[in-house]
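> Quick one: the structure is below, and I'll ask about it shortly.
The values are calculated or read from the model by the stated rules, or taken from the named source; none is laboratory data. Every value quoted in this text rests on a predicted model; they were computed, and no experiment measured them. Here the Cβ positions follow ideal geometry from the backbone for every residue, glycine too, while neighbour counts run over all protein chains shown.
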Amino acid sequence: MVKENILIEAKGIWKSYGNNQVLKGLDLSVYEGETVVILGRSGVGKSVLLRQLMGLEKPDKGTLYVDGFQISDLEGTSLYKAITMMGMLFQGGALFDSMTVIENTTFYLEEHGDPRENGRMLSDEELRAHGIKVLKMVGLEGIEDKMPSELSGGMKKRAALARLIAYRPSILLYDEPTTGLDPITAMQINNLIKNTQKELNATSIVVTHDLRSALTVGDRLALHHEGKIAFIGEKLDFLKSDNPLIRSFLNDAQIRWD
Ligand SMILES: Nc1ncnc2c1ncn2[C@@H]1O[C@H](COP(=O)(O)OP(=O)(O)O)[C@@H](O)[C@H]1O
Ligand SMILES: [Mg+2]
């Protein structure tokens, strides 16, 4: 991968909730086409960071650029326009309970049109055909008319992923995509994330505390620690780093390499 364009850039991001100072001058640059994995202990502010990047919350201080837009300054329609190329897999999946699986899958496309064709609206036939194709990609063929309540946890996660993929965003944010899944389902999700990255020619940020998942999907790994990105580097550099924070994180992650 050639690192040319920085597509996503966070500069000196501060964010607090009451007395809880969560982000403390965080910097992060993500190049076009890469997958950056953000690792870190529970509660450090990984989800908070994703919400800032997606424009769902404003930082108290600092600047966020996404694809040339200074999204930390935008509101309303201009913010909405700036983030149409982004899609997020929320922690927990969050399917719409009152919609069938295929209605969930095609929801963003139906609402916003196709982001890769200037927001062209799709016909019902096109939506259904596309939805079925994407459900097949995630191994959920034949269940398009079921309700989310009829699905297992792993299937819900795959359906949420289908909803994201169906929209074909060029920037994908994943919040803990494998948390709570058994190892086999988790590996299926990891592979889907990898294939999606290739297929959509996308740029991705994956937040996780699952090192195995990080190593499967990531190009560069970052450690989020005490409100900042304490280290970011290529996978091998991360694993071999003698930075004590990385050593301690890897020790706790308890994965054997042999
Ligand atoms: N909307 C909110 N209101 C108040 N506190 C919040 C909010 N969102 C997150 N926090 C706090 O910010 C910290 C980081 O949370 P989070 O980003 O969810 O952690 P994680 O790294 O596990 O994703 C936690 O202390 C959490 O309680
Ligand atoms: Mg989180």
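Listed here are the residues, each with its yes/no results for (1) within 16 Å of ligand 2 (Cβ to nearest atom); (2) crowded, with 19+ Cβ neighbours inside 10 Å; (3) in a helix (DSSP H, G or I); (4) of a type in the set (A, V, I, L, M, F, W, C).
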| site | (1), (2), (3), (4) |
| --- | --- |
| MET187 | no, no, yes, yes |
| ASN195 | no, no, yes, no |
| LYS198 | no, no, yes, no |
| GLY233 | no, no, no, no |
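> Further question on the same structure: If GLU75 satisfies every condition in (1) over 28 Å from LEU211 (Cβ atoms); (2) within 16 Å of ligand 1 (Cβ to nearest atom); (3) without any contact (Cβ under 8 Å) to a residue 12 or more places away in the chain but one, which is the exception?
(2)
> Shifting gears a bit: Restricting to the stretch 143-176, name every residue that is hydroxyl-bearing (Ser, Thr, Tyr) and over 13 Å from the mean Cα position of the chain (by Cα).
Hits for the stretch 143-176 are SER149, SER152, TYR167.
> If I ask for residues that are in contact with a strand residue (DSSP E or B) (Cβ under 7 Å, 6 or more places away or on another chain) and under 30 Å from LYS156 (Cβ atoms), which ones from the stretch 68-82 would you list?
ILE71, ALA82
> Here is a further query. Within the stretch 15-40, which residues are assigned to a strand (DSSP E or B), within 19 Å of the chain's Cα centre (by Cα) and within 16 Å of ligand 1 (Cβ to nearest atom)?
LEU23, LEU26, LEU28, VAL36, VAL37, ILE38, LEU39
> Quick one: VAL36 ticks every box in (1) touching a strand residue (DSSP E or B) at 6+ places or on another chain (Cβ under 8 Å); (2) surrounded by fewer than 21 Cβ atoms within 10 Å (Cβ to Cβ); (3) modelled with pLDDT of 95 or more bar one, so which box is it?
Failing condition for VAL36: (2).
> So which residues in the stretch 53-72 are in contact (Cβ under 8 Å) with a residue 24 or more places away in the chain, of a type in the set (A, V, I, L, M, F, W, C) and more than 16 Å from ligand 2 (Cβ to nearest atom), if there are any at all?
LEU64, VAL66
> Going through ALA202, ALA222, ALA186 one at a time, which residue ends up being of a type in the set (A, V, I, L, M), farther than 30 Å from ARG247 by Cβ and out of contact with any helix residue (DSSP H, G or I) (no Cβ under 6 Å at 6 or more places or on another chain)?
ALA202
> How many residues are in a helix (DSSP H, G or I) and surrounded by 16 or more Cβ atoms within 10 Å (Cβ to Cβ) if we restrict to the stretch 111-153?
10
> What residue, among those in the stretch 74-104 that are part of a loop (DSSP other than H, G, I, E, B), at pLDDT below 95 and not hydrophobic (A, V, I, L, M, F, W, C), is nearest to the chain's Cα centre (by Cα)?
Per the criteria, the residue is GLN91.
> Also: Restricting attention to the stretch 41-52, and to residues there that are of a type outside the set (S, T, N, Q) and more than 15 Å from the chain's Cα centre (by Cα), which single residue is farthest from ligand 2 (Cβ to nearest atom)?
Checked the stretch 41-52; the qualifying residue farthest from ligand 2 (Cβ to nearest atom) is ARG41.
> Just to be sure before I move on: is LYS61 surrounded by fewer than 18 Cβ atoms within 10 Å (Cβ to Cβ) and touching a Gly at 6+ places or on another chain (Cβ under 8 Å) in the structure I sent?
Yes, satisfied.
> If THR179 satisfies every condition in (1) under 25 Å from ASN201 (Cβ atoms); (2) under 16 Å from the mean Cα position of the chain (by Cα) but one, which is the exception?
Going through (1) under 25 Å from ASN201 (Cβ atoms); (2) under 16 Å from the mean Cα position of the chain (by Cα) one by one, THR179 breaks only (1).
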